[in-house]
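To start, the structure itself, in structure tokens.
The values are calculated or read from the model by the stated rules, or taken from the named source; none is laboratory data. All figures in this text were calculated on a predicted structure; none of them were measured in a lab. All Cβ positions, glycine included, derive from the backbone under ideal geometry; neighbour counts span all protein chains shown.
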Amino acid sequence: MSQRRPPSDPEGPKGDSTRSVHGGERDRRLSDAITVPIYQTSTYTFGDSAQVRAYQEGRTTRDEYGRYGNPTWRAVESKLAELEGGDDAVLFASGMCAATTLFLAMLPQGSHLVVTSDCYRRTRQFIRQYLTKLGVETTVIEPADTQKLAEALRPETRLFFTESPTNPYLRVTDVAEAARVCHARGVQVVIDSTFASPINHRALADGADLVIHSATKYLGGHNDLLAGAAVGPADNIKLLRDAVGVLGGVLDAHAAWLLLRGLKTLSLRMARHNENGIRVAAWLEAHPKVRRVCYPGLASHPDHAVAARTMRGFGGVVTFELDADFDATQRFLDAVRIPYIGPSLGGVESLIEMPATMSYWDLSRDERYALGITDSLVRLSLGVEDTDDLIADLEQAIAAA
Ligand SMILES: *Cc1c(COP(=O)(O)O)cnc(C)c1O
């Protein structure tokens, strides 16, 4: 079978769409079939004892057991490494699994961690319930505040972990500045780039030591799988790959294949998510019944300057507050016809939710308000539907509320 030049070749193509479609796959096909197969297997066999010895002595590269590797994963991992501009990547069973494995692998007992207040709620819960058992102390700072970051660092600090953009206020960190501050003190920077995707921001190029994703969101893109990923330098990825082999949160081969398929249209989908995001955000901001809109592409956003300088698009999530009370906000959600009511983001189908009744339901109203999660706050994840249809739908729903 003739092989064409893979996109990872320095002489090869560089465009996002070319990498989305071909990255990690061209040199991995087994037959004349155009797609990489699902390797639905739990183990790999050896022809004889000599092959076992050759493998154990590092003289051959091959697979041994399904918790340590799978050829379908490797196609996805190579594609992600190419898209993020990292040496290597590793997959996990979910985005949460990527974060928890990373913390357990990278934080020694008694070390210190800095995270941001907008951090994904389950990540905060893991820090509080499990990392404290290892004597790991955590400082929480305001997102995007590199001054506060510098003040929070201690001699035993090992990691700075933040989402960028964050959920739900879409705060954007100046990753190059955060890396400068952290690296001067021997601290590694990990960016949860789920809301950006490698199409809108490449944190590794800005100096991050690792990028993680909930691949459940934009990378998979079709609301049909859960997966997580980390991308970065070879030594950090080896550490995480060894850790997931022990901790066991590995991705199923079929989900890996769905992710491989979803990734082929990543660049195309992001272009539509970005267009829907900026147009709907601007339309909402001009609407008299909308109190405020959080979207980093708008000049009114506190991190607009950093976002405009470092990002190539601002994504499909728009967070806004209606000029309405709790009941009227629920009526608005119930009147919307195109977006489904539900958590998650980054898929082709638009989703809408009130953080007050979804991720923050377990908090009292006072606790919610302290976090800025008001009764009229709405998070809209725009899919790839036509912008005009989405705007017309939001218009009739606001009128109906
Ligand atoms: C969804 C999400 C996660 C968790 O990922 P799962 O795939 O649901 O485990 C982590 N971080 C961010 C920013 C997310 O949006």
Could you count how many residues in region 142-152 are within 13 Å of the ligand (Cβ to nearest atom) and either over 18 Å from Tyr360 (Cβ atoms) or not assigned by TED's automatic domain parsing to the domain that holds Thr173 (or both)? 0
State whether the residues of region 360-372 include one that is in contact with a Phe, Trp or Tyr (Cβ under 6 Å, 6 or more places away or on another chain) and modelled with pLDDT of 95 or more. no
Of those in region 292-318 that are crowded, with 21+ Cβ neighbours inside 10 Å and among the hydroxyl-bearing types (Ser, Thr, Tyr), the residue farthest from His201 (Cα to Cα) is Tyr295
Top-ranked residue of region 174-231 - restricted to ones that are basic (Lys, Arg) and assigned to a loop (DSSP other than H, G, I, E, B), ranked as farthest from the ligand (Cβ to nearest atom): Arg185
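Yes/no per residue for (1) at pLDDT 95 or above; (2) of a type in the set (Val, Ile, Thr); (3) closer than 21 Å to Gly23 by Cα:
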residue	(1), (2), (3)
Ala271	yes, no, yes
Trp283	yes, no, no
Arg292	yes, no, no
Val306	yes, yes, no
Restricting attention to region 252-288, and to residues there that are outside any helix (DSSP H, G or I) and closer than 30 Å to Ala75 by Cα, which single residue is farthest from the chain's Cα centre (by Cα)? Asp252
All but one of (1) within 11 Å of the ligand (Cβ to nearest atom); (2) surrounded by 24 or more Cβ atoms within 10 Å (Cβ to Cβ) hold for Arg171; which doesn't? (1)
Scan region 327-375 residue by residue and report those that are under 29 Å from Arg269 (Cα atoms), more than 25 Å from the chain's Cα centre (by Cα) and either without any contact (Cβ under 8 Å) to a residue 12 or more places away in the chain or in a loop (DSSP other than H, G, I, E, B) (or both). Asp334, Val336, Arg337
By my count, helices (runs of 4 or more DSSP H) wholly in region 32-131 with at least 3 residues that are away from the ligand (no atom under 16 Å from the Cβ) and either out of contact with any helix residue (DSSP H, G or I) (no Cβ under 6 Å at 6 or more places or on another chain) or modelled with pLDDT under 95 (or both) are 49-56, 71-84
Can you work out which of the residues in region 239-251 that are over 18 Å from Arg158 (Cα atoms) and in a helix (DSSP H, G or I) is farthest from the ligand (Cβ to nearest atom)? Asp242
Pairs needed: first member in region 181-193, farther than 23 Å from Ala98 by Cβ; second member anywhere, among the aliphatic types (A, V, I, L, M) and surrounded by 13 or more Cβ atoms within 10 Å (Cβ to Cβ); C-beta distance under 6 Å; at least 6 residues apart or different chains. Val181/Leu149; Val181/Ala150; Arg185/Leu153
Look at Thr139 and say whether it is assigned by TED's automatic domain parsing to the domain that holds His213, outside any helix (DSSP H, G or I), more than 16 Å from the ligand (Cβ to nearest atom) and touching a residue at least 12 places away in the same chain (Cβ under 8 Å). yes
